[in-house]
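Data first, discussion second: the structure below is written as structure tokens.
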Amino acid sequence: MLHHPIQPVTARTTQRVCEVAWFSDLCGEDTEFLSLRDPAHSTFDHCRNIALSADRLGFNNLLLPTSYMVGQEVIPFAGGVAPDLKQISLLTAIRCGELHPPMLARTLASLDHMLQGRLTINIINSDLPGYREDADFRYQRCAETIQILKQAWTQDRIEHDGPVYGKISLDTKPVKPYQQNGGPLLYFGGTSEGAREVCARYCDVFLMWPETEEMLYATMQDVAQRADRLGRSIDFGLRVHVIVRETEAEARAWSKHIMSKFDPVRGAALKNASQSSWSLGVKRQNELRENADNDGFIEPLLWTDIGKARSGAGGALVGSADQIVEKINRYLDMGLRAFIFSGYPLIDEAEWFARLVLPRLPTVSLARLQDRISA
């Protein structure tokens, strides 16, 4: 942990506030016991119930992940659930390369209208399902996709000429989003040099997976400096699991409960089925876990055993309500402004978090704060 006074990393949002998001597991990993899957949790109805619960409980945003696994696909799911949501935004994960960018811009604009401006985008730069692609090619495709999206949403024409998508010249009347002040906010996560550069140059929020406070702070400083050299500033976010109870003992007991039926062979198979399982970010999560104590903690409250059975974010904050609030406040002091939480089972843990933690946080929608959404 950081044991010395720190200067908050320069972020776009200077106010000491945070956007608090939950997670709807479209990839079928919602479970009570890690390494065991419940097929009923892959259904549209279950994922919809998670979304409705997060909306009712007052979360600002909801991450809809993308993966080639049993479950629901992001854009049709978002369109299907949009009419039922009252106030929550949807953070829709979009893998670059799956849709022709002008049509992706039009698709997302339509979704933005369905949500009346409560659409945010999580740009994903992973390999397309079934392929192992050159990293430089992927980042070039990602950059061109974002360039085209931004032109489509903010200019009269798309005028593009790049090595991946070639020459595109189109009127943008068919692709205007509900949000007229720049279109939906773009969130982006990644560990590599390419990921940091793409986010610093084009995106609004840099998302990180759980690491020690020192590691997170160093990453934030690096990306903020990259953005500053480009004349930009961005916000920073953390995607992390959480187990919160009234006491630390109760929270730790639940962490042991969800691991009580863990099978390492089955857990590894589930983890390796993910499209991101070989990424640099997952490798860093695995390396972090190697330095944990016998109970799986890498620093106070940060538990890493959850990464044994799932790809992506491999750590959870585990503690009492007071401890979790204090930890989030430490992150706010570092300059973090967005959080994407989850816990298993998802609806049950959302109820715990909303009752014990959410009312004690200075929550806000980053899009509304930046005048993307009318009050």
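Read-outs: derived from the displayed coordinates by stated rules, not from any lab. A quick note: this is a predicted structure, and the numbers were derived from the prediction, not measured. Note: ideal-geometry Cβ built from the backbone for every residue, glycine included; neighbour counts use all protein chains shown.
What is the packing order of peptides 156-165, 338-347, taking the mean over residues of other C-beta atoms within 10 Å and listing the highest first?
Details: 156-165: 14.2, 338-347: 24.1.
Ranked by mean Cβ neighbours within 10 Å, highest first: 338-347, 156-165.
What full-extension length gain, to one decimal in nm, is calculated for residue 261 and residue 1 as 0.36 nm per residue of separation minus the Cα-Cα distance?
The span from residue 261 to residue 1 would gain 90.5 nm if fully extended.
Once all Cα-Cα distances of the range 333-375 are split into 5 Å bins that start at 0, what whole-number percent is in each one?
Going out from 0 Å in 5 Å bins, the range 333-375 shows 5, 17, 20, 21, 19, 14, 3 percent.
For the range 84-170, what is the per residue volume of the convex hull drawn over the alpha-carbon atoms, in cubic angstrom?
Normalising the Cα hull of the range 84-170 by residue number yields 95 Å³.
How high is the relative contact order of the range 137-245, in percent, counting Cα pairs under 8 Å that sit 6 or more residues apart? If you can, show how the numbers build up before the last one.
Details: 140 pairs, mean separation 22.0, N = 109.
So the answer I get is 20 percent.
Between rounded, prolate and oblate, where does the range 1-131 land on the alpha carbon gyration tensor, with a ≥ b ≥ c its root eigenvalues, rounded for a/c under 1.5, else prolate if a/b exceeds b/c?
Judged from the Cα gyration tensor, the range 1-131 comes out rounded (a/c under 1.5).
Zone of residue 107 (label point 7 Å along Cα→Cβ, backbone N under 13 Å): which residues in the range 41-74?
Label zone hits: 66-67, 73-74.
Place a point 7 Å from the Cα of residue 56 along the Cα-to-Cβ direction; which residues of the range 337-357 have their backbone N under 17 Å from it?
345-356
Name the residue farthest towards the positive end of the dipole of the range 17-109 from the options 102, 87, 51, assuming +1 on Cβ of Lys and Arg, -1 on Cβ of Asp and Glu, about the Cα centre.
The one lying farthest along the dipole's positive direction is 102.
If the cut-off is a Cα-Cα distance under 18 Å, which lysines reach residue 173, setting aside same-chain residues fewer than 8 apart in sequence?
Reachable lysines: 150.
How large is log10 of I(q)/I(0) for the range 19-369 at q = 0.06, 0.14, 0.15 Å⁻¹ when the intensity is taken from the Debye formula with one equal scatterer per alpha-carbon?
Listed by q, the Debye log ratios stand at -0.20, -1.18, -1.38.
What is the magnitude of the charge dipole of the chain about its Cα centre, with +1 placed on the Cβ of each Lys and Arg, -1 on the Cβ of each Asp and Glu, and no other charges, expressed in debye to the nearest 20?
Approximately 740 debye in magnitude.
Can you list which of the DSSP-assigned H helices in the chain have a Cα extent of 30 Å or more along the long axis and an average Kyte-Doolittle score of at least 1.6? Kindly include the intermediate steps, with their values, before the conclusion.
Working: long enough: none.
Going by DSSP H runs, there are no hits.
Dipole of the chain (Lys/Arg Cβ +1, Asp/Glu Cβ -1, origin at the Cα centre): which of 121, 10, 316 lies farthest to the positive side?
Of 121, 10, 316, it is 121.
Can you give the relative contact order of the range 9-115 as a percent, counting alpha carbon pairs under 8 Å and 6+ residues apart?
This gives 26 percent for the range 9-115.
Residue 90: net charge of surrounding residues, Cβ under 11 Å, Lys/Arg +1, Asp/Glu -1, itself excluded? Could the numbers behind the result be given before it?
Values: positive: 118; negative: 55, 112.
Summing Lys and Arg as +1 and Asp and Glu as -1 gives -1.
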